[in-house]
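K.L.:
The structure is given below, and queries will be raised subsequently.
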Amino acid sequence: KAALDSGEFFQATRHAHTLKSVAGTIGAKQLASAAANLEQACKSESEAGLPLLLRTAEEQLATVLTSLRALPA
């Protein structure tokens, strides 16, 4: 979010790509998909739709983090 707020699309693309990869590795398919959509929008430097794509990725990330916290140590 900070990278997008400062117009650093390259950095935002890298963050979204990393999130997509990690999500895919742990089997968080909805998060991986949301991150992939965000990555594509960042690559094209299209600000249209970015807030919604970012919010969707954040919501999916929150869901995954909640699920991970519920796992036994």
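K.L.:
Quick one: 3J(HN,Hα) in Hz for segment 5-17, Karplus 6.51/-1.76/1.60 with θ = phi - 60°, rounded, Gly and Pro as x.
P.N.:
Listing the rounded values in order: 4, 9, x, 8, 5, 4, 5, 4, 4, 5, 5, 5, 4 Hz.
K.L.:
Could you look at the chain and say what percent of its accessible area is carbon and sulfur, using a 1.4 Å probe and all protein chains? Present the calculation step by step, with values, prior to reporting the outcome.
P.N.:
Working: 2810 of 4920 Å².
Whole-percent figure for carbon plus sulfur exposure: 57.
K.L.:
If you fit an axis through the alpha-carbon atoms of helix 29-43 and take the longest principal axis of the Cα set of the chain, what angle between them do you get, 0 to 90°, nearest 10?
P.N.:
10
K.L.:
Put a dot 7 Å past each Cα toward the Cβ at Arg69 and Asp5; how far apart are the dots in nm?
P.N.:
Label-label distance for Asp5 and Arg69, simple model: 2.1 nm.
K.L.:
When only C-alpha pairs under 8 Å and at least 6 residues apart count, what is the relative contact order of the chain, in percent? Don't skip to the end; give the middle numbers.
P.N.:
Details: 60 pairs, mean separation 19.9, N = 73.
Relative contact order here is 27 percent.
K.L.:
Apply 1/(1 + (r/R0)^6) to the Cβ-Cβ distance of Ile26 and Leu52, taking R0 = 22 Å, and write down the FRET efficiency to the nearest 0.05.
P.N.:
After rounding, the FRET efficiency stands at 0.35.
The values are calculated or read from the model by the stated rules, or taken from the named source; none is laboratory data. Note that the coordinates shown come from a computational prediction; the quantities given were computed from them, not determined experimentally. For neighbour counting, all protein chains shown are included, and Cβ atoms are generated from backbone atoms with ideal geometry for every residue, glycine included. Areas reflect the complete protein model, heavy atoms only, side chains present, ligands, DNA and RNA absent. Shrake-Rupley method; radii C 1.70, N 1.55, O 1.52, S 1.80 Å.
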